[in-house]
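Encoded as structure tokens, the structure appears first; notes follow it.
The values are calculated or read from the model by the stated rules, or taken from the named source; none is laboratory data. Please read all numbers here as calculations on a predicted model, not as lab measurements. Using ideal geometry, Cβ is built from the backbone for each residue, glycine included, and neighbour counts are taken over all protein chains shown. Side chains are part of the model used for accessible areas, which takes the heavy atoms of the whole protein and leaves out ligands, DNA and RNA. Shrake-Rupley method; radii C 1.70, N 1.55, O 1.52, S 1.80 Å.
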Amino acid sequence: MAMIRFDSVSKRYPEGHEALSRASFEIDEGQMVFLTGHSGAGKSTLLKLVMLMERPSQGQVFVNGQNLRNIGRLKIPFLRRQIGVVFQNHQLLFDRTVFDNVALPLIISGCPHQEIGRRVRAALDKVGLLDKERNNPITLSGGEQQRVGIARAVVNKPPLLLADEPTGNLDPQLAAEVMGLFQQFNQVGVTVLIASHDIALIKSLSYPIMSLKGGQVTRQPATEAEVPFDG
Amino acid sequence: MADAQGAQRRQSRIRDMLAGWRAHHGEVARNSFQRLLATPVSSAMTWLVIGIALALPASLYVGLINMQALGEAWDSTARLSLYLKMDVDDARGKALAEALRKDSELVAVQFTDRASALAEFRAISGFGDVLDGLDENPLPALITVEPVAGLSAEHLGQLQQRLSALPEVESAQLDLEWVQRLYALVKLGQRLAITLAALLALGVILVIGNTIRLAIESRRDEIVVIKLVGGTDAFVRRPFLYTGLWYGVGGGLCAWLVVAISLWVMSGPVARLAGLYGSEFSLDGLGLVATLLLWLSGGLLGLAGAWLAVARHLGDIEPK
Ligand SMILES: Nc1ncnc2c1ncn2[C@@H]1O[C@H](COP(=O)(O)OP(=O)(O)O)[C@@H](O)[C@H]1O
Ligand SMILES: [Mg+2]
């Protein structure tokens, strides 16, 4: 089953520029895919359409079996609970601890109190920051902050993980570590879509690549045959 | 069997979720209150502004119930003064007084003959010299009667008419006019209090609305993140509604303090004044019901102000 399907989707911003024009593609459940393209090609726009931060001007988007056209404003939060997101600027809150940042999605979805502690620690353990739970994220390095962002994105065990330039501010070694984390989540069945223009890093990993050019998506098979991209 | 287990599991899940929801509310309420305490000066200012705004109509209300109590205290000792015709001599006057003593609607009757009336007038008016210059006593004889307690104003009016129709009586005056004036004044005061309360309630809503708007602005990043990770409108709204509630309830408490302190300041002079008139009168406070009502309306106004701000400004903040 397709986790994400774009069906001839166009997105024109009010100022007139068309970021996507009749883009169609599918990403199957359990896949890990890179989305590339030069700056301004429309990568962020594509991810925003998946999360309903924007609505398409034309065409239909399906996520996890739901036609997003049928999801009204009031239902958007429930779509977003199925999607973990990681941003380049990680969007952490500096008025609370690392623990409270990661706990936020659980509190929002009404998770029982006892379970919150357990799940937050499991997520922090996965990204190797269990000893930093009481710190304020502002005291952490850029790479550590990005890992807190990832822990927050996966704490709810969403079936889909989106990342927009997650390694943009990191040096190559930290970037490789972060990519390793995404690979681990993908191995336990999470569908992962990562937008990045870091071609060198993408090429070093053997995952299928979608590239955006002129508002259209073209698919390339995995650079090595290990993880074939069918679609 | 399996069905029953499933139902049980579902039930305990729902129970867990309800417990989580309650715990969350408690935490948000606590958290919002702690945030207010973290900026004590500006919170106290807001509380005081709301307190004063609520205290004005509340004080007016207290003033009115006290005026009413004063009127009622006097009401029971209404008196009628019957001024007799000049050609009615003292003997006939006395006889009339005797007759009135048997009247079932009167409890006390006192006859003052013309000479005593003159002497009394001379004593209190200080116009002795003027009176000496007159050939004749200008004052009529007077019968003062006290009706039985508890007569309505209407009934008193009927009694007055009946007594003034007596052949010996020139006019019957009900010493109640100032009480009626007092009541008219109280009615006017009530109107004023309601108008004032409505205006100031609007003011409180706007003050709280503006304060909440600033709070929303200062927590913009948090709102964006909450919306990104799937927070519903209700979730985003909640802390601000609690903040509004705390402003309102705190303001209600301030208002109560302002009223209580003003009453305490005024109770001494009022007791002295009442003492001068030989009265037991003392000021009534707000009372339990009105106090609770004051807090409740403070809380409701706070919520209303917060709703207004939240409805206007939360929609503008969307993740981009
Ligand atoms: N909110 C917006 N309003 C108007 N134009 C936008 C907006 N967001 C993006 N764009 C435009 O759409 C195009 C694609 O942008 P974006 O999706 O951010 O590309 P990328 O993430 O690949 O750099 C760009 O030309 C950008 O200027
Ligand atoms: Mg971008």
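Here is how the numbers come out for the structure above:
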{"read-out": "Yes/no for A:Gly72 being within 28 Å of A:Arg12 (Cβ to Cβ), within 14 Å of chain B (Cβ to nearest Cβ) and open to solvent by 10 Å² or more (accessible area, probe 1.4 Å)", "value": "yes"}
{"read-out": "Close pairs (8 angstrom Cβ cut-off, 6 or more residues apart or separate chains): of a type in the set (Ser, Thr, Tyr) in the stretch B:125-145, open to solvent by 80 Å² or more (accessible area, probe 1.4 Å) anywhere", "value": "B:Thr144/B:Arg79; B:Thr144/B:Gln110"}
{"read-out": "Subset of the stretch A:55-69 [open to solvent by 30 Å² or more (accessible area, probe 1.4 Å) and within 16 Å of ligand 1 (Cβ to nearest atom)]", "value": "A:Arg55, A:Pro56, A:Ser57, A:Gln58"}
{"read-out": "Members of the stretch A:96-106 found to be at the interface with chain B (Cβ under 10 Å from one of its Cβ atoms) and buried (at least 21 other Cβ atoms within 10 Å of the Cβ), listed by number", "value": "A:Asn101, A:Leu104, A:Pro105, A:Leu106"}
{"read-out": "Residue among B:Leu200, B:Leu163 that alone is part of a helix (DSSP H, G or I), in the same structural domain as B:Ala304 (by TED's automatic domain parsing) and buried (at least 16 other Cβ atoms within 10 Å of the Cβ)", "value": "B:Leu200"}
{"read-out": "Single residue of the stretch A:18-47 satisfying the filter (near ligand 2 (Cβ under 9 Å from one of its atoms) and of a type in the set (A, V, I, L, M, F, W, C)) that is nearest to the chain's Cα centre (by Cα)", "value": "A:Leu47"}
{"read-out": "Qualifying residue in the stretch A:114-124 (condition: within 11 Å of another protein chain (Cβ to nearest Cβ) and under 23 Å from A:Gln183 (Cα atoms))", "value": "no"}
{"read-out": "Search result, residues across the stretch A:24-36 that are open to solvent by less than 10 Å² (accessible area, probe 1.4 Å) and away from ligand 1 (no atom under 15 Å from the Cβ)", "value": "A:Phe25, A:Ile27, A:Met32, A:Val33"}
{"read-out": "Flag for B:Pro319 being more than 15 Å from the chain's Cα centre (by Cα) and either open to solvent by 60 Å² or more (accessible area, probe 1.4 Å) or closer than 19 Å to B:Asn31 by Cβ (or both)", "value": "no"}
{"read-out": "Condition check for B:Met17: more than 30 Å from A:Ile108 (Cα to Cα) and open to solvent by 50 Å² or more (accessible area, probe 1.4 Å)", "value": "no"}
{"read-out": "One residue from B:Gly248, B:Gly230 being in the same structural domain as B:Gly298 (by TED's automatic domain parsing), in contact with a helix residue (DSSP H, G or I) (Cβ under 6 Å, 6 or more places away or on another chain) and part of a helix (DSSP H, G or I)", "value": "B:Gly248"}
{"read-out": "Filtered residues of the stretch B:226-273 (kept if aliphatic (A, V, I, L, M) and within 14 Å of another protein chain (Cβ to nearest Cβ))", "value": "B:Ile226, B:Leu228, B:Val229, B:Ala234, B:Val236"}
{"read-out": "Failed criterion for B:Phe111 (all others in (1) in a loop (DSSP other than H, G, I, E, B); (2) touching a Gly at 6+ places or on another chain (Cβ under 9 Å) hold)", "value": "(1)"}
{"read-out": "Within the stretch A:152-163, tally of residues that are open to solvent by 30 Å² or more (accessible area, probe 1.4 Å) and either within 13 Å of ligand 2 (Cβ to nearest atom) or in contact with a helix residue (DSSP H, G or I) (Cβ under 7 Å, 6 or more places away or on another chain) (or both)", "value": "1"}
{"read-out": "Neighbours by Cβ (under 8 Å, 6+ apart or cross-chain): first from the stretch A:77-95, within 7 Å of another protein chain (Cβ to nearest Cβ) and more than 22 Å from A:Met179 (Cα to Cα); second open to solvent by less than 20 Å² (accessible area, probe 1.4 Å) and of a type in the set (Lys, Arg)", "value": "A:Pro77/B:Lys227; A:Arg80/B:Lys227"}
{"read-out": "Residue list for the stretch A:76-88, filter: open to solvent by 20 Å² or more (accessible area, probe 1.4 Å) and under 13 Å from the mean Cα position of the chain (by Cα)", "value": "A:Arg81, A:Gln82, A:Phe87, A:Gln88"}
{"read-out": "Residue satisfying condition, being β-branched (Val, Ile, Thr) and more than 14 Å from ligand 2 (Cβ to nearest atom), within set A:Val63, A:Val50", "value": "A:Val63"}
{"read-out": "Which listed residue is farther than 17 Å from A:Tyr207 by Cα, more than 12 Å from ligand 1 (Cβ to nearest atom) and small (Gly, Ala, Ser), from A:Ser39, A:Ser8, A:Ser44, A:Ser21", "value": "A:Ser8"}
